[in-house]
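Asks: Below you'll find the structure I mean.
Throughout, read-outs are computed from the coordinates displayed, never taken from laboratory work. Remember, predicted model here, so these are calculated numbers, not experimental data. Note: ideal-geometry Cβ built from the backbone for every residue, glycine included; neighbour counts use all protein chains shown.
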Amino acid sequence: MTKKKRRKTSATKLETGAASLEIFELDEIDQACKEIEDDVIKWAMFKGEKGTESLEQRNENTSASVSKSRKENVERNSREQLGGEGSQSKKEESQDMVMKTVGVVIEHLNKFGACVIDNFLGEAKGLAILEEVLNLNKLQMFQAGQLASAQSSKKSIRSDKIAWTDGISPSLPSLKYLINTLDSIVIGANQSPNNGVLSKYSISSRTKAMVACYPGEGTHYVKHVDNPNKDGRCITATYYLNKNWDSEKDGGTLKIYSACVEGVVAKVDPIFDRIIFFWSDRRNPHEVLPAFKERYAITIWYMDEKEKSEFEEKKK
């Protein structure tokens, strides 16, 4: 994250490990940059420390000591046993990642109003999500992005294509894993002690995931605020899926005109397996610069219960 001076809704329930969520249809600037870069380095080191022996390797070690006549049964039993151990190990690793991420998100949202993390899920999971998203596009599930107001030409404001999904129907298990991970992180941050500004919110609902595709050819989204009308959205979480992205020629950079750190304009390139969390309200006006190559992102908005209820009451 580089810095320079200067809907219509229908509610269902989703059970997560942290809570039940209702789903609805930066001198000071240089220091800020340094702190973010340090955290990214620590994050990369943390990810690199996690190494596990493959199931195949462990099976070979086990079966080498038994007779040929019993090899098939031993391999089968070994796979079943190691599968359970592997699942537990992966679960613990995932929980550890969530806990570390919660701390980073709390710190950066309070300091900068935004938090960027690279290598968020890892290459394999990121590629699996990308494949599901590309399949959605092949199935022509995307529609032109909608505006809250139709006073101006839609394409002059935003020219992306979007699809809304819960990861369940159609079945998108990798995207659903992303959603569940984000739920755990945001709810964990909201419920943590000494969480600063986050303590002002009671987050118990979110939107479905909005999958956005900018088809290239200069497609963009002009400067705007996600939640200018106090509709309940308090945190925006956006995950990027763009391999080998070069912002110099591909464009598509997210620019955030932060009101959280005076004089800051943050530039976030939409690189593969990068996640950004930021406040959804007028603290973070932002735009997507023209993209000249297909650009994919997945966004979820998390809702403050009190503000959402007040907004819905005003609409009655």
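Asks: Could you state, as a whole-number percent, how many of the C-alpha pairs of the stretch 177-316 are farther apart than 24 Å?
Replies: Beyond 24 Å sits 35 percent of the P(r) for the stretch 177-316.
Asks: Taking R0 as 22 Å, what's the FRET efficiency between Lys230 and Met99 from their Cβ-Cβ distance, rounded to 0.05?
Replies: 0.10
Asks: Right, something else. I need the phi-derived Karplus couplings for the stretch 278-293: 6.51 cos²θ - 1.76 cosθ + 1.60, θ = phi - 60°, integer Hz, Gly and Pro marked x.
Replies: Couplings: 7, 5, 7, 8, 5, 5, 9, x, 8, 8, 10, 5, x, 9, 10, 8 Hz.
Asks: First measure r as the distance between the Cβ atoms of Lys138 and Glu312, then evaluate 1/(1 + (r/R0)^6) with R0 = 41 Å and state the FRET efficiency to the nearest 0.05.
Replies: According to the calculation, E is roughly 0.65.
Asks: Ok, one more. State the answer as a single residue: which of Gly196, Ile168, Ile157 lies farthest towards the positive end of the charge dipole of the stretch 156-209, with beta carbon charges of +1 for Lys and Arg and -1 for Asp and Glu, about the Cα centre.
Replies: Going by the Cα projections, it comes out as Ile157.
Asks: Over 19 Å between Cα atoms: which of Lys138/Lys267; Lys161/Lys223; Lys223/Lys316; Lys90/Lys125 fall into that group?
Replies: Lys138/Lys267; Lys223/Lys316
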